[in-house]
Each structure stands twice: as C-alpha cells, then as structure tokens.
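Reviewing the structure listed below.
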Amino acid sequence: MAGITWHYVLKFIITGDAAVGKSSLLVRLTDQRFLVNPDPTLGVEFGSKLIEIPEEGKVIKLQCWDTAGTESFRSITRSYYRGAAGCLLVYDVTSRASFVNARSWLADVREHADPHLTCILVGNKVDLCEENAEGASNGRREVPTEEGQRWADEEGLLFVEASAKSGQNVEAAFEQASRDILDKIKRGVFDDDRSPGVKLSKPTNGNLALDQGSAKQGCCS
Ligand SMILES: Nc1nc2c(ncn2[C@@H]2O[C@H](COP(=O)(O)OP(=O)(O)O)[C@@H](O)[C@H]2O)c(=O)[nH]1
Ligand SMILES: [Mg+2]
C-alpha cells in the first residue's frame, strides 16, 4: 500500500441547529483545536481529513461540508445534501430545543439526500454535563443519553455523544459512520459511479492508483 493517499473519498454533511457545535466539531476533526468564540458559519464551509479504518486496511478521505443552521441559509444548504454519503446530525445535549429540531433537520436530509446515506446522530457538548463523584450531573443536561439513543434507534440512525471541546468521540463519530458506509459499498448499496458522495481511487494493474494530485489540491486537503 506504499504511497497510497486514500482509497475512498466520502462526502459528509454536518447539519443541525445553529450553535450546537457543528463548526467546532469540524475544526476539532481537522485541526485538533477548539475555539471558544468561533465566527458563525455563513452558508457552507469545507474541511477535509484522512482517517484510517485499520480492520479494512482502508484510508478514507473525509470531505466535510459544514452548513449554517439558521433558517435563512436553509434553502442554500439543501442543495449540498444531494451528493453526500454521510451525515452528522448534531444537537446540543444541554438544549432540548436543538434535539426537538433535529427532527426537522432529519426530514430535510431524508427529502434531499441519497436514500442510502448513513446518518449519525451526535449529541454534542457532553463536557458541560460531566458527572460529579456521586454520579449526579451538574444539571445542564437537557437530553438524557437514553433518549437520544432511543430516537436514533427508532429512526435507524447511528448514535454517539461527543464533545468538540474535549475532543471526546469526535473522530470516532466520523469513523463509525465511515465504517457503515464502507459496509454499504461492500454490499453494493453505494457504488462510486452512481453515488456522488463516494469516490473510489481508480485501480490500475490491480492496484489502487495514486491520486496525489487530487489529495493535495486546494486549500483544504
Ligand atoms: N462546552 C462546549 N461548547 C461547545 C462545544 N462545541 C461548540 N461549543 C460552543 O458552542 C458555540 C457554537 O459553536 P459553533 O461550532 O459555532 O456551532 P454551529 O453554529 O453549530 O457551527 C461556540 O461558542 C462554541 O465554542 C462543546 O463540545 N462543548
Ligand atoms: Mg457553524
């Protein structure tokens, strides 16, 4: 595998209410840092990162589109749903409203995205409700873990609780979704000709081709 840059490019979208931490999750993934006062996202922002799925022996290039969560951008962001293989549907565990609104974001995803898209529900900001020594939380949590898990199960979504601030489960969320997408590719649900959200590094002479050019291109590789 020497020299291989990536085996698959998977396009992800990150969606959910404003201020739940979508941009922070992306910055944590790509730059391993956390901004206390990030600028609000205007329209759509982009980030990319290589991750490894060791048990599959595959290197994945994640291409992530971070959408603005405000109503005024909703019509713009819808067009970005189309070519995605994966979606992070984010809510804030300290905001019940953001969890309730996740339903309408999911409805948007279902309406506009590929029906085979893998969606992972991410309850962000768990660092704000860490338990004390007696096991009691400090009271900021508004959505119990079980409730998030139950809704994810009902809707057929993957589920994880994470923190862009501490980094907990951020890469794991993308990895879990990528594993699910790889599984779909294996089963022939996604293929790179039909699904714009999945791009395969083209084989030459039975080996995976180098695609240094595209991997190094642009501002975000
Ligand atoms: N404590 C905590 N704050 C967070 C976390 N993620 C984001 N924030 C904060 O929440 C606010 C909104 O974050 P942002 O990433 O802009 O949200 P977006 O509108 O969904 O992109 C910012 O002040 C962030 O610093 C987290 O995991 N924990
Ligand atoms: Mg944002």
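A count restricted to the stretch 121-148 and to residues that are modelled with pLDDT of 95 or more and loosely packed, with under 10 Cβ neighbours inside 10 Å stands at 1. Candidates in the stretch 31-53 are the residues that are within 13 Å of ligand 1 (Cβ to nearest atom) and among the polar types (S, T, N, Q); of these, the one that is farthest from the chain's Cα centre (by Cα) is ASN37. Taking the stretch 11-34 as the range and being more than 9 Å from ligand 2 (Cβ to nearest atom), surrounded by 16 or more Cβ atoms within 10 Å (Cβ to Cβ) and basic (Lys, Arg) as the test, the residues that pass are LYS11, ARG28. Scanning the stretch 149-170 for residues that are surrounded by 17 or more Cβ atoms within 10 Å (Cβ to Cβ) and either of a type in the set (Lys, Arg) or assigned to a helix (DSSP H, G or I) (or both) returns TRP151, ALA152, LYS165, VAL170. Within the stretch 190-209, can one find any residue that is among the charged types (D, E, K, R), touching an Asp or Glu at 6+ places or on another chain (Cβ under 9 Å) and either at pLDDT 90 or above or not in a loop (DSSP other than H, G, I, E, B) (or both)? Yes. When the stretch 35-63 is filtered for residues that are over 21 Å from TYR8 (Cα atoms) and surrounded by fewer than 18 Cβ atoms within 10 Å (Cβ to Cβ), the ones remaining, listed by number, are LEU35, VAL36, ASN37, PRO38, ASP39, PRO40, LEU42, GLY43, VAL44.
Residues of the stretch 6-26 that are assigned to a loop (DSSP other than H, G, I, E, B) and among the aliphatic types (A, V, I, L, M): ALA18, ALA19, VAL20.
The values are calculated or read from the model by the stated rules, or taken from the named source; none is laboratory data. The structure displayed is predicted, hence computed values, not measured ones. Note: ideal-geometry Cβ built from the backbone for every residue, glycine included; neighbour counts use all protein chains shown.
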